Amino acid sequence: MIYDPQTYAIPDEAMQPFISEKEIWEMLEQADADTNKVRAIIAKSLNKQRLTMQETAVLLNTTDPGLIAEIKEGARTLKEQVYGNRIVLFAPLYVGNLCTNNCSYCGFRTSNHAQRRTTLSEEELVSEVRMLEDSGQKRLILVYGEHPKYNADFIADSVRTVYKVKKGNGEIRRVNINAAPMDTDGFRTVKEAGIGTYQVFQETYHREAYAKVHQGGMKRNYDYRLTALDRAQEAGIDDVGIGALFGLYDWRFEVMGLIRHVNHFESVYNVGPHTISFPRIKKASNVNVDPEYLVSDEEFTRMVAILRLAVPYTGLILTAREPAHIRKEVLKYGVSQIDGGTRIELKAYSGNKPQQDLDAEQFEINDSRTLNEVMDELIDTGYSPSFCTACYRVGRTGEHFMEFSVPGFIKRYCTPNAMLTLAEYLEDYAPADTREAGYKLIDKQLKEYDDERFKSMLSDRLERVKTGERDLYF
Ligand code: SAM
Ligand code: SF4
């Protein structure tokens, strides 16, 4: 896509109007949350059909507590019936906090002189990855501020470095990226390094709210950011993650913006985004957030349920920004990926500091449990933790769609791969009690297979993991 390198304006008319504030507000104003309508919409989603923006608006306008409970119950049923009990685990790794932008909510913004700036050297990056591998991580998301130093070549180099680090049985099998928008050539460069998902959050889909909080640097340009993942598609990256930062504008508007963005991808590229993120603004170094649009816990949990029903085959990511009890609750409504053992201070994994220091990191996290503590809770509550990376490595893209629409896909691929990666974790990293609980879960899941041939193939692979083989998957 061609854009003006001075102003970053996008001359491509086709790209510009896909978020219309007028359209979104009209839909929200006209959506009547009548009981029968709400129930019919929930039933439509449970019947494995995606919701329209108008239908999503009806759910967003629902205020009756009984109906809200039905929305949450619907999301829970959809999640259980369609996706089963798997939760994919990952960890964030901050590579550098230099930033030329001035996002008012972020500790990294250029005007925050209290922030200590660091960029990991190659050796430091390797040390961080070794620590992460030692705790059992297999999937990372690398995070960068926006700065000329963090250009496509730099990002591609850091991705290659991460893939090369092997410690014991440890290795990182999927490196995702959360970094500033690039031009198409830049996206090509990072694709060649073998990235998984490329995430760019629009922060807010509302232009005026966007202009208010993005007061400096390239990020001021709403359109350049909105079309970032279109350039990624042009460069051949079809695995992309969208997101909004909740607390900058009306949360219902942002949900509509996210759904509109999904529709854009589906209509233009015939494939939706791989994941949606929906972080809420947290405390950060020298940040004073305007409280007008902050999202309450009740609204937040409701929103996750609505997103699940609206886009049943898009992965939903929840991070350690949220406290453990909120994470536990929204796992029920459809979150499919969480981080565990999270540290976001630069060099924090090898530094092993117990307290956060907001002047050396982006924001406050509210779940600082170790990966193993998170795994224990998941296993105790009947979830199946997964480090699976099979689909993207064998080229099965659009995996969430397949999970959703291909009968037997989860049973044939996702569940056994979750079990195999859990077994690796139990063998290599887990303390005795986690190991015992984990194998109990695996045995229970194995018993649920009635296809004897597949069951014996799976137990054979589980035995091979026990005897030291690694990276087995279906
Ligand atoms: N600098 C790149 C950019 O802005 O796209 C990389 C992303 S930034 C390091 C990761 C994300 O953190 C941002 O997109 C934003 O949504 C989120 N974020 C920033 N400040 C935050 C805060 N105070 N609380 C919660 N999330 C925040
Ligand atoms: Fe920089 Fe990203 Fe923070 Fe904005 S959100 S100040 S671009 S790191």
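Quick notes on this structure:
- Test result for Arg109, assigned by TED's automatic domain parsing to the domain that holds Val175 and within 16 Å of ligand 1 (Cβ to nearest atom): yes
- Residue within region 138-148 that is away from ligand 2 (no atom under 16 Å from the Cβ) and out of contact with any Asp or Glu (no Cβ under 8 Å at 6 or more places or on another chain) present: yes
- Some residue of region 97-118 being touching a residue at least 12 places away in the same chain (Cβ under 8 Å), surrounded by 23 or more Cβ atoms within 10 Å (Cβ to Cβ) and within 28 Å of Phe387 (Cα to Cα): yes
- Restricting region 148-197 to residues that are of a type in the set (Lys, Arg) and either part of a strand (DSSP E or B) or without any contact (Cβ under 8 Å) to a residue 12 or more places away in the chain (or both) leaves a set whose member that is surrounded by the most Cβ atoms within 10 Å (Cβ to Cβ) is Arg174.
- Residues of region 415-474 satisfying the condition of being aromatic (Phe, Trp, Tyr) and part of a helix (DSSP H, G or I): Tyr425, Tyr439, Phe454
- Options Ile379, Ile365: the member that is modelled with pLDDT of 95 or more, within 16 Å of ligand 2 (Cβ to nearest atom) and either surrounded by fewer than 19 Cβ atoms within 10 Å (Cβ to Cβ) or not small (Gly, Ala, Ser) (or both): Ile365
- Just so you know, in region 264-289 the residues that are touching a residue at least 40 places away in the same chain (Cβ under 8 Å) and of a type in the set (Gly, Ala, Ser) include one that is nearest to ligand 1 (Cβ to nearest atom), and it is Ala284.
- Cβ pairs under 8 Å, 6+ apart, first in region 131-145 and part of a strand (DSSP E or B), second among the basic types (Lys, Arg) and modelled with pLDDT of 95 or more: Arg139/Arg173; Arg139/Arg174; Leu140/Arg174
- In region 303-318, the qualifying residues are those that are crowded, with 24+ Cβ neighbours inside 10 Å and not hydrophobic (A, V, I, L, M, F, W, C), and the one that is modelled with the highest pLDDT is Arg308.
The values are calculated or read from the model by the stated rules, or taken from the named source; none is laboratory data. Bear in mind the structure is a predicted one, so any value in this text is a computation, not a measurement. Glycine also receives a Cβ, built like all others from the backbone with ideal geometry; neighbour counts cover every protein chain displayed.
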